[in-house]
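Bear in mind these aren't lab numbers, they're just calculated from the coordinates by the rules spelled out. Keep in mind it's a predicted model, so treat the numbers as computed, not measured. Note that each Cβ is placed from the backbone with ideal geometry, even for glycine, and that neighbours are counted across all protein chains shown.
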Amino acid sequence: MNNVDWKIKTFLELTTTELYEIIKARVNVFVVEQDCPYPDLDDYDQKAIHLWAENNGEVLAYCRIFDKGIKYPETSIGRVVTTEKGRGTGLGKQLIAYAIDIIENRLRTSEVRISAQDYLLRFYSGFGFQETTKKYLEDNIPHTEMFRT
């Protein structure tokens, strides 16, 4: 996809417009498309590094990255989303590759734990994530905890 800008910011660096567009993308995919009423605003955004791809201010792919000890003892990636416009463009793969790069270079570790929707297990395994035995339903969607060393 052409004209995509990648951004990496802490919560305090986000503009109100950027935060609005990020939340809009998350709600559109997780709440509307996946029909999961859940508290997206969970007081973790303030502790995250936010990574996203945008085109003309519209968020196409997004995730948040946490340092060790915030969500898990290891670093983690969460709220991974590719919007309808961003799907099929390779942005999801770029997003995870960039997130891992940020973890390795900025947070200085390769250990990452994620909570993956089961239909994405193969996608994440392509980045070196391995399934753990921790499987559970979250908002009626099967999830598996995955770990990368």
Options (i) 29; (ii) 19; (iii) 26 - which one matches percent of Cα pairs over 26 Å apart as calculated here: (ii)
Cross-link table LYS24/LYS134; LYS7/LYS47; LYS9/LYS47, entries beyond 20 Å C-alpha to C-alpha: LYS24/LYS134
The chain - mean residue ellipticity at 222 nm from DSSP helices (-39,500 (n - 2.57) per run, n ≥ 4, rounded to 500): -6000 deg cm²/dmol
Give the distance, in whole Å, between the Cα centre of the stretch 99-137 and the Cα centre of the stretch 1-47. 19
Here the percent of antiparallel bridges among DSSP beta bridges lying wholly in the chain, to the nearest 5, is 95
Taking loop as defined by DSSP and a crowding limit of 11 other beta carbons within 10 Å, which trypsin sites (Lys or Arg not before Pro) in the stretch 60-149 fit? ARG108
How much length, in nm to one decimal, is gained on full extension between LYS9 and ASP101, taken as 0.36 nm per residue of separation minus their Cα-Cα distance? 31.7 nm
Got the relative contact order for the chain handy, in percent, Cα pairs under 8 Å and 6 or more residues apart? 18
Given GLN117, ILE102, THR17, which one lies farthest toward the positive end of the charge dipole of the chain, if we put +1 on the Cβ of every Lys and Arg and -1 on the Cβ of every Asp and Glu? ILE102
